[in-house]
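Enquirer: I have a structure I would like to understand better, so I am pasting it below and will then ask my questions one at a time.
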Amino acid sequence: MYAGALVDALRRREPDVDVFGLGGDRFAAAGGRLIGDYHALSVTGLTEALSVVPRSFAMLRKLTKTAREQQPHALVVIDFPDFNFRLMRLIRKQGIPVIYYVSPQLWAWRPARIKLMKRSVDRVLPIFPFEEAIYQKARIDVRFVGHPLIDLARPSLTREAFLKKLNLDPSKRVLALLPGSRKNELERLAPVIAKAVPAIAAQVPNLQFVVARAPNLNDGLFEPFGLSGVTLRIADVQTDDVLNACDAVVTASGTATVQSALHGKPMVVLYKLSPTTYRLGKGLARVDMYAMVNLIAGRRIVIELIQDDCTPEAVTSEAVRILTDQPYRVEMIAALDDVRQKLGGPGASDRAAEAVLDVVHSSDVP
């Protein structure tokens, strides 16, 4: 999504620019040449990542070979640090400048990675304001560009039109369910959320449920939501429409929490990994909060149900509260508005494109 928006911004400035690499549907739709599809490499967790190691190294070899053959003016890596740290070292050895967009969360865990950033990156483009100082302190060229979701988190339909499209009643309340965008997230969170749905419905009369389904996920992952006795729909690749239409959100941790905040929707955040990954990760973490909206706010404004606390009963309790406790809802919505203000104004992808082209042109040989 961010790569696609960046390619759009680059092509508006330089229509003939050739952008190629590892991406997905939005990257390709914007005019990027796909050297590989990222979906097969996308997992959350330390032990989970082991399953994609062979594919990851094959893709690293393919991208490195393509860079050697085509000699791009710059490499832009976006998020995805365990893969991109290896890629940027290999590409920079070829004398190609490296720009890191959506910088790794050094402030959350493994802060020593700043040394690798200093050695391997020519410019960093963070999307959170508090990250800029980390790179300034390390004397790394940094340009805070703001969060691209501010421009991208736009519904395509009005609330009424979207709900009618799903054969739902616009006069009734809606709880959005965002169980994640990766296979292993769905495997752990979908059953928990689905078990909570009937209990939530029993306590909140006339409530409707909409599951936001991310692209490239198998139908089988959504089988837990085949519930009887509740009004539930699954919406494909329409997360912003789902969020615009809902009254509250049950969401996996990650970018979806920022997306929910931009729509001003009260939420409960779920985070569940394999026991081994969680134990290893907890020992490395430098923060006691995981939800991005809490980290941006600098305080716990939404409830996080993490690992053993992520149960159907806990999901039910908090979902009912954010739907029915009006003072609690108002307070959370105000705090989410503060988060939105901290993310910078519109135009993040445009600012990122300018910063990238600045590096590209400075690397041109006269």
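Enquirer: Looking at this structure, is residue 106 assigned to a helix (DSSP H, G or I) and either of a type in the set (Gly, Ala, Ser) or assigned by TED's automatic domain parsing to the domain that holds residue 355 (or both)? Let's see the steps before the verdict.
Expert: Values: assigned to a helix (DSSP H, G or I): no; either of a type in the set (Gly, Ala, Ser) or assigned by TED's automatic domain parsing to the domain that holds residue 355 (or both): yes.
The answer is no for residue 106.
Enquirer: Continuing with this model, one more query. May I ask you to verify whether residue 124 is within 21 Å of the chain's Cα centre (by Cα), hydrophobic (A, V, I, L, M, F, W, C) and either outside the structural domain of residue 316 (by TED's automatic domain parsing) or over 28 Å from residue 86 (Cβ atoms) (or both)? Spell out how you get there, then give the answer.
Expert: Numbers: within 21 Å of the chain's Cα centre (by Cα): yes; hydrophobic (A, V, I, L, M, F, W, C): yes; either outside the structural domain of residue 316 (by TED's automatic domain parsing) or over 28 Å from residue 86 (Cβ atoms) (or both): yes.
For residue 124, the condition - within 21 Å of the chain's Cα centre (by Cα), hydrophobic (A, V, I, L, M, F, W, C) and either outside the structural domain of residue 316 (by TED's automatic domain parsing) or over 28 Å from residue 86 (Cβ atoms) (or both) - is met.
Enquirer: Identify, by number, the condition in (1) part of a helix (DSSP H, G or I); (2) in contact with a helix residue (DSSP H, G or I) (Cβ under 8 Å, 6 or more places away or on another chain); (3) surrounded by 23 or more Cβ atoms within 10 Å (Cβ to Cβ) that residue 199 doesn't meet.
Expert: (3)
Enquirer: Of all strands (runs of 3 or more DSSP E) completely enclosed by region 238-322, which ones contain at least 2 residues that are modelled with pLDDT under 95 and assigned by TED's automatic domain parsing to the domain that holds residue 337?
Expert: Details: elements: 248-252, 267-271, 303-306.
The strands (runs of 3 or more DSSP E) meeting that bar number zero.
Enquirer: Could I ask something else about it? Go through region 318-341 and give me each residue that's of a type outside the set (Val, Ile, Thr) and in contact with a helix residue (DSSP H, G or I) (Cβ under 9 Å, 6 or more places away or on another chain).
Expert: To start, the set of residues in region 318-341 that are of a type outside the set (Val, Ile, Thr) comprises 318-319, 321, 323, 325-329, 331-332, 334-338, 340-341.
Of everything in region 318-341, those that are of a type outside the set (Val, Ile, Thr) and in contact with a helix residue (DSSP H, G or I) (Cβ under 9 Å, 6 or more places away or on another chain) turn out to be 319, 321, 323, 328, 329, 332, 335, 336, 337, 338, 340.
Enquirer: Here's a follow-up. Looking at region 89-103, which of its residues are outside any loop (DSSP other than H, G, I, E, B) and more than 21 Å from the chain's Cα centre (by Cα)?
Expert: The answer is 89, 90, 91, 92, 98.
Enquirer: Within region 1-27, how many residues are hydrophobic (A, V, I, L, M, F, W, C), in contact (Cβ under 8 Å) with a residue 60 or more places away in the chain and either on the phi > 0 side of the Ramachandran plot or assigned to a loop (DSSP other than H, G, I, E, B) (or both)?
Expert: 1
Enquirer: Follow-up. Would you be able to tell me the number of residues in region 205-219 that are surrounded by fewer than 17 Cβ atoms within 10 Å (Cβ to Cβ) and either more than 17 Å from residue 184 (Cα to Cα) or at pLDDT 95 or above (or both)?
Expert: Residues of region 205-219 that are surrounded by fewer than 17 Cβ atoms within 10 Å (Cβ to Cβ), as a first pass: 205-206, 215-216, 218-219.
Pick out the ones that are also either more than 17 Å from residue 184 (Cα to Cα) or at pLDDT 95 or above (or both) and you get 205-206.
Residues flagged as surrounded by fewer than 17 Cβ atoms within 10 Å (Cβ to Cβ) and either more than 17 Å from residue 184 (Cα to Cα) or at pLDDT 95 or above (or both) within region 205-219 amount to 2.
Enquirer: Also: State whether the residues of region 57-75 include one that is closer than 24 Å to residue 147 by Cβ and either modelled with pLDDT under 90 or assigned to a strand (DSSP E or B) (or both). If you could, list the steps in order and put the result at the bottom.
Expert: Step one: of region 57-75, the residues closer than 24 Å to residue 147 by Cβ are 74-75.
Now restrict to residues that are either modelled with pLDDT under 90 or assigned to a strand (DSSP E or B) (or both): 75.
Yes, region 57-75 has at least one match.
Per-residue answers, yes or no, for (1) aliphatic (A, V, I, L, M); (2) closer than 17 Å to residue 80 by Cβ:
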site	(1), (2)
111	no, no
128	no, yes
132	no, no
153	yes, no
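Enquirer: Let me ask something additional. Among (1) in a loop (DSSP other than H, G, I, E, B); (2) touching a helix residue (DSSP H, G or I) at 6+ places or on another chain (Cβ under 6 Å), there is one condition residue 345 misses while meeting the rest; what is its number?
Expert: Result: residue 345 passes all but (2).
Enquirer: Sticking with this structure for a sec: At pLDDT 95 or above and not in a loop (DSSP other than H, G, I, E, B): is that true of residue 112 in this structure?
Expert: Working: at pLDDT 95 or above: no; not in a loop (DSSP other than H, G, I, E, B): yes.
For residue 112, the condition - at pLDDT 95 or above and not in a loop (DSSP other than H, G, I, E, B) - is not met.
Enquirer: Take residue 190 and decide whether it is under 21 Å from residue 219 (Cβ atoms), of a type outside the set (S, T, N, Q) and in a helix (DSSP H, G or I). Walk me through how you get there before you give the answer.
Expert: Details: under 21 Å from residue 219 (Cβ atoms): yes; of a type outside the set (S, T, N, Q): yes; in a helix (DSSP H, G or I): yes.
So residue 190 passes the test.
Enquirer: Without any contact (Cβ under 8 Å) to a residue 24 or more places away in the chain and either of a type outside the set (A, V, I, L, M, F, W, C) or outside any strand (DSSP E or B) (or both): is that true of residue 156 in this structure?
Expert: Details: without any contact (Cβ under 8 Å) to a residue 24 or more places away in the chain: no; either of a type outside the set (A, V, I, L, M, F, W, C) or outside any strand (DSSP E or B) (or both): yes.
Answer is no for this residue.
Enquirer: Checking the condition in contact with a Pro (Cβ under 9 Å, 6 or more places away or on another chain), touching a residue at least 40 places away in the same chain (Cβ under 8 Å) and surrounded by 22 or more Cβ atoms within 10 Å (Cβ to Cβ), which residue from 315, 293, 339, 302 passes?
Expert: On the way: 315 fails: in contact with a Pro (Cβ under 9 Å, 6 or more places away or on another chain); 293 fails: in contact with a Pro (Cβ under 9 Å, 6 or more places away or on another chain); 339 fails: in contact with a Pro (Cβ under 9 Å, 6 or more places away or on another chain).
Just a single option satisfies the conditions, and that option is 302.
The values are calculated or read from the model by the stated rules, or taken from the named source; none is laboratory data. None of these values were measured; they are calculated from a predicted model. Using ideal geometry, Cβ is built from the backbone for each residue, glycine included, and neighbour counts are taken over all protein chains shown.
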